[in-house]
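J.: Submitted below is the structure of interest, expressed as structure tokens.
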Amino acid sequence: MTETKHFESQVIHAGQSHEPVTGAVMPPVFLTSTYAQSSPGVHSGYEYTRSHNPTRYALERCIARLEGSALSEEDDASFGGFALSSGMAAVNTVLELLDTGDHVVAMDDLYGGTHRLFNKVKKRSSGLNFTYADLTDLDALKEAVTDQTKLIWVESPTNPMLKLVDLHGIVEFAKDKDILLACDNTFATPALQHPLAIGFDIVMHSATKYLGGHSDVVAGILVTGSKDLAERIRFVHNSAGPVLGPFDSYMVLRGIKTLALRMKQHCTSALQIAQWLQAQKGIKKVIYPGLPSHPQHDIAKNQMSIDGEVAGGGMITFILDGGLEASRAFLENVSIFSLAESLGGVESLIEHPAIMTHASVEPAVREKLGIDDGLIRISVGIEHFGDLIADLEHALSKCI
Ligand SMILES: *Cc1c(COP(=O)(O)O)cnc(C)c1O
């Protein structure tokens, strides 16, 4: 059998086989909660959909391979990939691997919902303790880790400041320690970045974003390349039950088929737009990992690439001169960009973190992180970048 070596082929074929009865090239959506047994306890490996579902398995096996898990079906039924009802359900499932009193070190510029789950839920319900550190600085990591630390939770790039974490450095630091390393790979996706290959234990996704890619489904993913961890995650997944339904599994699998193409376009257009923004008057700062001006551009070169070239992803953050007033005028005057939360879809979105996604972060913390009132975040879609630039140019003319 010919191997699918390239990512463009893997997104379509990895972990997939034709449906055995009809030969259907896409898995049918198995909308069933249960499966008939021929004699008590005698079944074909499928008993109940929370535990086993062929459509969900098809998605889980695909993303497991894309993230680089080499587990076999004997090691784990879905090769170490797990599909969950949302990105937050995926984060929560990782926390359920820990015990009361355990300590977690996390990135300071964390997805707002993750921060809320850590601080407002798991601290109280599970007795976990959290320390937030600027993990772009490995000394800050060393300072934050204690004897009780059992998990390091990393996002790279982060949201909305697009900070990058040196994943190799974190792996090097943790190598002889009994600490799980988990990376939220939502912004980079396996098109750009492979935390498991670097030495991370678990990769997490909000598949709502680039994996689904069409802003029409909410889903989460976990992948591990370790047989032992796959067993522990499978146990929680089945026991607590935050599983993704068959139809949504199909939607995400369908989205992933074009992930390679989409990510190339997102990255190419985002670079063009970031370069254009950087040359405009009325813009204080442009943050994009693919620009040499990004403070961690060297890290991007080392861990984010497509076809051997550095790839900065599809998200850009910039700061307008003129603060809140200018931002409002700008955001009211875009028309191709939709003013909306979320990211990673084929359509371009724009948002104001201080008022929208990060409103729940206290003003003092926002200021410390650099979430200025003039700060705008865009998710570059796959429209023609010329049209997107024209839209931004028009909006900019209305606020200066
Ligand atoms: C959206 C998002 C999440 C949460 O995922 P949901 O699918 O909305 O539950 C977690 N991390 C990052 C980086 C995200 O962008």
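J.: Across region 218-232, in residue order, what do the Karplus-derived ³J(HN,Hα) couplings come to in whole Hz, using 6.51 cos²θ - 1.76 cosθ + 1.60 with θ = phi - 60° and x for Gly and Pro?
T.: After applying 6.51 cos²θ - 1.76 cosθ + 1.60, I find 10, 7, x, 9, 10, 9, 9, x, 9, 5, 5, 5, 4, 5, 5 Hz.
J.: So, one more: List the trypsin sites (Lys or Arg not before Pro) within region 153-195 that DSSP assigns to loop and that have no more than 15 neighbouring Cβ atoms inside 10 Å.
T.: Passing both the DSSP loop test and the Cβ count: K175, K177.
J.: Tell me the label-point distance for the pair R124, Y35, using the 7 Å Cα-to-Cβ offset, in nm and rounded to one decimal.
T.: 4.0 nm
J.: Hey, got a sec? Which chymotrypsin sites (Phe, Trp or Tyr not before Pro) in region 112-196 land in a DSSP loop and have at most 10 other Cβ atoms within 10 Å? Let's see the in-between values first.
T.: Details: sites: F118, F130, Y132, W153, F173, F187; in loops: F187.
Nothing satisfies the criteria.
J.: Please list, by residue number, every one of the trypsin sites (Lys or Arg not before Pro) in region 228-319 that is coil in DSSP and has at most 10 other beta-carbon atoms within 10 Å.
T.: Numbers: sites: R232, R234, R254, K257, R262, K264, K281, K284, K285, K301; in loops: K257, K281.
Qualifying residues, ordered by number: K281.
J.: Where does helix 54-66 land angle-wise versus the long Cα axis of the chain, in degrees 0 to 90, nearest 10?
T.: 60 degrees
J.: Now for a separate question. Among D307, D137, which comes first, then next, by fewest other beta-carbon atoms within 10 Å? Working shown, then result.
T.: Values: D307 9, D137 13.
Listing D307, D137 from fewest to most nearby Cβ atoms yields D307, D137.
J.: Taking the highest mean first, how do the peptides 180-186, 47-53 order by number of other beta carbon atoms within 10 angstrom per residue? Numbers along the way, then the final one.
T.: Details: 180-186: 25.3, 47-53: 17.0.
Per-residue Cβ counts within 10 Å, averaged per peptide and sorted highest first, yield 180-186, 47-53.
J.: Relative contact order for region 219-333: what percent, with Cα pairs under 8 Å and sequence separation of 6 or more?
T.: Working: 91 pairs, mean separation 24.6, N = 115.
So the answer I get is 21 percent.
J.: Please identify, among H194, H18, H115, the residue showing maximal mean-square fluctuation in a Gaussian network model of the chain using a 10 angstrom Cα cutoff.
T.: Among H194, H18, H115, the largest GNM mean-square fluctuation belongs to H18.
J.: Per residue of region 144-158, in order, report the coupling 6.51 cos²θ - 1.76 cosθ + 1.60 (Karplus, θ = phi - 60°) as ³J(HN,Hα) in whole Hz, putting x for Gly and Pro.
T.: Couplings: 7, 6, 10, 5, 8, 5, 10, 8, 10, 10, 10, 10, 7, x, 8 Hz.
J.: A follow-up question, please. Please list, ordered by chain and number, the residues whose modelled amide H lies under 5 Å from the amide H of F130; skip anything fewer than 5 residues away on the same chain.
T.: V104
J.: How large is log10 of I(q)/I(0) for region 16-165 at q = 0.14, 0.18, 0.19 Å⁻¹ when the intensity is taken from the Debye formula with one equal scatterer per alpha-carbon?
T.: Rounded to two decimals, the profile gives -0.86, -1.11, -1.17.
J.: Then there is this: Reported to two decimal places, what Rg/Rh ratio describes the chain when computed on Cα atoms with Rh from the Kirkwood expression? Don't skip to the end; give the middle numbers.
T.: Details: Rg = 21.3 Å, Rh = 21.8 Å.
Checking Rg against Rh, the ratio lands at 0.98.
J.: Among the lysines, select those whose C-alpha is under 22 Å from the C-alpha of K281, and discard any that sit fewer than 8 residues away in the same chain.
T.: K398
J.: If the reach is capped at under 15 angstrom between alpha carbons, list the aspartates and glutamates near K368, excluding any in the same chain fewer than eight residues apart.
T.: D108, D109, D134
J.: Further question: Where both residues lie in the chain, what percent of DSSP beta bridges are antiparallel, nearest 5? Could you put the intermediate results ahead of the total?
T.: Numbers: 26 of 45 bridges.
Just about 60 percent of them are antiparallel.
J.: Below 15 Å Cα-Cα, how many Lys pairs turn up in region 7-256? Only count pairs eight or more apart in sequence, or on different chains, if you could.
T.: On the way: K122/K150; K123/K150; K142/K150; K142/K175; K142/K177; K150/K175; K150/K177.
For region 7-256, the number of qualifying lysine pairs is 7.
J.: How do 55-61, 6-12 rank on mean C-beta neighbours within 10 Å, highest first?
T.: On the way: 55-61: 26.0, 6-12: 16.7.
Descending packing order for the listed peptides: 55-61, 6-12.
Readers should treat all values here as calculations from the given coordinates under stated rules, not as data from a laboratory. These numbers were taken from a predicted model, which means no experiment stands behind them. Neighbour counts run over all protein chains shown; Cβ positions are idealised from the backbone, glycine included.
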